[in-house]
Amino acid sequence: MNITVIGTGYVGLVSGTCFAEFGYRVTCVDVDIAKIETLQTGGVPIYEPGLDLMIKRNTQEGRLHFSADLVSSIAHSDLIFLAVGTPTDPQTGKANLTYIKQAAVDIAQNVKGHQYVVIKSTVPVGTAKTIEVLMAQTNPHATFEVISNPEFLREGAAIEDFMRPDRVVVGCHTTKAKTIMGKLYRPLTLLNIPVFYTSNPSAELIKYAANAFLATKIAFINEIGDLSEVCGADIQDIAQGIGMDHRIGPKFLQTSPGYGGSCFPKDTLALRETAEDFNSPVTIVDAVIKANDRRKAHMADRIIQACGGDVKGKRIAILGLTFKPNTDDMRDSVSLDVIPTLEKAGAKIHAYDPKGMEEAQKLLPHVSYASSVYECMDGADALVILTEWNIFRGLDWNVVKQKLKASLIIDLRNIYHPQEMADMGFAYHSLGRPGVRPDLQMVATKGVVV
Ligand code: UDX
Ligand code: UDX
């Protein structure tokens with residue numbers, strides 16, 4: 001099977017590479033010529049664990065190619081995937097469909113016969129239909145069928161999510177389209193992974209509903225965390241206790257400084273806009289968006305309070321800048337809310353992130369970037385953990401104590417235990433656990449499964 005993937009971002013590059021890994025011949029195309037040149041010369045423009053080796057293997061074995069030339073790439077493609085970005089339009093909150101429409105027109109102008117076009121990008125309900133009509137109008141001499149095949153790839157675990165998904169969703173309206181998609185995903189159905197066929201609008205809405213539901217779980221646990229804090233409960237135990245109920249499930253119940261990234265914020269906003277357009281409001285999703293925005297905005301205040309109400313002239317060490325671990329992606333990261341507010345309040349920020357600092361330097365130019373975890377905390381008045389990278393999970397506390405000016409830790413990912421930190425002599429603040437507000441401190445006991 002010959003496949004073209006248009007857009008070599010986090011989704012397109014992973015998808016194209018994984019299709020090549022299945023044995024198909026894949027060309028990844030992008031309008032960004034510098035990106036294509038990087039890929040053609042063996043570089044990888046993003047950090048995604050395992051992706052570099054998989055790209056190398058598949059290019060060496062002749063299945064994976066990179067090109068800026070859309071016309072020749074699509075000439076003999078059985079399937080053309082659209083994986084260009086659909087960012088939030090800042091004016092309207094809707095998904096910006098400019099890139100996907102442009103790519104569709106470019107394809108339509110350059111194909112003959114019948115062509116299947118598969119939308120991987122996250123697009124509002126009705127987009128597949130709009131694109132199909134647009135392509136037919138652009139080239140009345142060819143015929144087009146647009147298939148919806150949303151992605152469910154978590155950055156940092158994208159290859160695993162592609163190769164072992166819970167399900168694959170396909171929206172289409174002919175048996176032929178179903179057959180070709182069945183053939184494409186045969187390597188997964190052989191592993192008993194379900195491919196769920198539905199209509200285009202349902203596939204489009206499944207993607208938004210899935211992300212909005214996961215965002216709801218996070219916003220929910222975060223609010224329950226706030227409540228836990230003031231009533232003496234422990235949010236880690238609450239999450240475990242409710243997660244053991246199979247109807248609820250244990251995943252996406254980790255309390256946090258708020259969800260970020262390229263999908264949840266964008267997709268919840270776009271879903272709200274779609275619902276408004278159809279005059280069928282999604283009030284729960286609206287509440288989730290507002291709760292998450294409030295939470296992110298409030299995190300700097302928590303840090304300031306933990307520092308005694310004033311950070312003027314204080315040096316604050318921040319571990320973790322990306323929106324989650326195992327990625328270099330800074331899009332909608334909580335660090336972009338927290339750091340400017342702390343800077344405005346007069347703090348001097350020193351930061352370290354294993355993969356995000358190159359991108360962070362463009363967005364947070366006043367921060368001092370450290371070359372190691374321990375250098376970052378040298379002489380700091382407080383240490384803040386913002387992203388739960390593995391290398392922050394096993395800190396050497398004797399070294400930390402020597403480095404810090406004050407033994408103050410603010411752990412916004414709850415990767416340490418309050419009692420253990422207190423035993424080592426740290427003033428330790430985390431989320432949703434007793435001890436966070438000293439005035440309301442109660443006896444902390446850890447939940448135990450026996
Ligand atoms: C993707 C999806 O497209 C988005 O809808 C989904 O919700 C999240 O994942 P992502 O891969 O993260 O987006 O986007 P990005 O990293 O911005 O990559 C998009 C790529 O498409 C870029 O490399 C860009 O240069 C390319 N592009 C954009 C084109 O090739 N053609 C265009 O017309 C526009
Ligand atoms: C998400 C979807 O999970 C994935 O299926 C796809 O649709 C793209 O969008 P991604 O944004 O890459 O993936 O990462 P994810 O692991 O979902 O985390 C998103 C945000 O939620 C991060 O900021 C993370 O820190 C936060 N999160 C996640 C929590 O706060 N608590 C949790 O329990 C899980």
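The values are calculated or read from the model by the stated rules, or taken from the named source; none is laboratory data. As the structure is a prediction and not an experimental result, all values here were calculated from the model. Glycine gets a Cβ as well: all are built from the backbone with ideal geometry, and neighbour counts include every protein chain shown. The protein model used for the area step is the full one, side chains on, heavy atoms only, and it has no ligands, DNA or RNA in it. Shrake-Rupley method; radii C 1.70, N 1.55, O 1.52, S 1.80 Å.
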*asked:* Any residue in segment 332-358 that is basic (K, R) sitting within a Cβ distance under 6 Å of a residue that is within 16 Å of ligand 1 (Cβ to nearest atom)? List the pairs, counting only those 6 or more apart or interchain.
replied: K355/Y47; K355/D328
*Does at least one position in segment 104-119 carry a residue that is open to solvent by less than 30 Å² (accessible area, probe 1.4 Å) and within 16 Å of ligand 2 (Cβ to nearest atom)?*
yes
*If V169 satisfies every condition in (1) under 15 Å from G7 (Cβ atoms); (2) among the hydrophobic types (A, V, I, L, M, F, W, C); (3) away from ligand 1 (no atom under 13 Å from the Cβ) but one, which is the exception?*
(1)
*Please work out which one of (1) buried (at least 18 other Cβ atoms within 10 Å of the Cβ); (2) of a type in the set (D, E); (3) within 16 Å of ligand 2 (Cβ to nearest atom) is the condition E160 fails and give its number.*
(1)
*Go through (1) away from ligand 2 (no atom under 16 Å from the Cβ); (2) open to solvent by less than 30 Å² (accessible area, probe 1.4 Å); (3) β-branched (V, I, T) one by one and return the number of the condition T41 breaks.*
(2)
*Quick one: in segment 256-269, of everything that is part of a helix (DSSP H, G or I) and touching a helix residue (DSSP H, G or I) at 6+ places or on another chain (Cβ under 7 Å), which residue is nearest to ligand 2 (Cβ to nearest atom)?*
F264
*Filtered residues of segment 338-378 (kept if in contact with a His (Cβ under 9 Å, 6 or more places away or on another chain) and of a type outside the set (A, V, I, L, M))*: P340, E343, K348, S368, Y369, E375, C376, D378
*Run V71 past the list (1) more than 12 Å from ligand 1 (Cβ to nearest atom); (2) under 25 Å from P265 (Cβ atoms) and report the number of the one that doesn't hold.*
(2)
*Could you tell me whether any residue of segment 74-95 is more than 26 Å from D277 (Cβ to Cβ), open to solvent by 30 Å² or more (accessible area, probe 1.4 Å) and within 15 Å of ligand 1 (Cβ to nearest atom)?*
no
*Inspect all residues belonging to segment 319-328 and state whether any of them is open to solvent by 40 Å² or more (accessible area, probe 1.4 Å), within 16 Å of ligand 2 (Cβ to nearest atom) and either among the hydroxyl-bearing types (S, T, Y) or in a loop (DSSP other than H, G, I, E, B) (or both).*
yes
*Hits in segment 405-433 - residues which are assigned to a loop (DSSP other than H, G, I, E, B) and surrounded by fewer than 21 Cβ atoms within 10 Å (Cβ to Cβ)*: K405, A406, S407, I415, Y416, H417, M424, G425
*Select, from E145, E155, E160, the only residue that is more than 22 Å from E273 (Cβ to Cβ), assigned to a strand (DSSP E or B) and of a type in the set (D, E).*
E145
*Filter result (in contact with a Pro (Cβ under 9 Å, 6 or more places away or on another chain), over 21 Å from L184 (Cα atoms) and within 13 Å of ligand 1 (Cβ to nearest atom)) within segment 128-165*: G156
_In segment 243-285, residue nearest to A203 (Cα to Cα) [restricted to those that are without any contact (Cβ under 8 Å) to a residue 24 or more places away in the chain and open to solvent by less than 50 Å² (accessible area, probe 1.4 Å)]_ = A275
*Out of curiosity, is L214 open to solvent by 70 Å² or more (accessible area, probe 1.4 Å) and either within 16 Å of ligand 1 (Cβ to nearest atom) or among the aliphatic types (A, V, I, L, M) (or both)?*
no
_Y197 - would you say it is more than 15 Å from ligand 2 (Cβ to nearest atom), closer than 29 Å to K266 by Cβ, aromatic (F, W, Y) and open to solvent by less than 10 Å² (accessible area, probe 1.4 Å)?_
no
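A quick yes/no check of all residues on (1) over 30 Å from K129 (Cα atoms); (2) aliphatic (A, V, I, L, M); (3) in contact with a His (Cβ under 8 Å, 6 or more places away or on another chain):
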residue	(1), (2), (3)
R186	no, no, no
N200	no, no, yes
E229	yes, no, no
G241	yes, no, no
*Residues (open to solvent by less than 30 Å² (accessible area, probe 1.4 Å) and farther than 20 Å from A300 by Cα) located in segment 362-378*: A370, V373
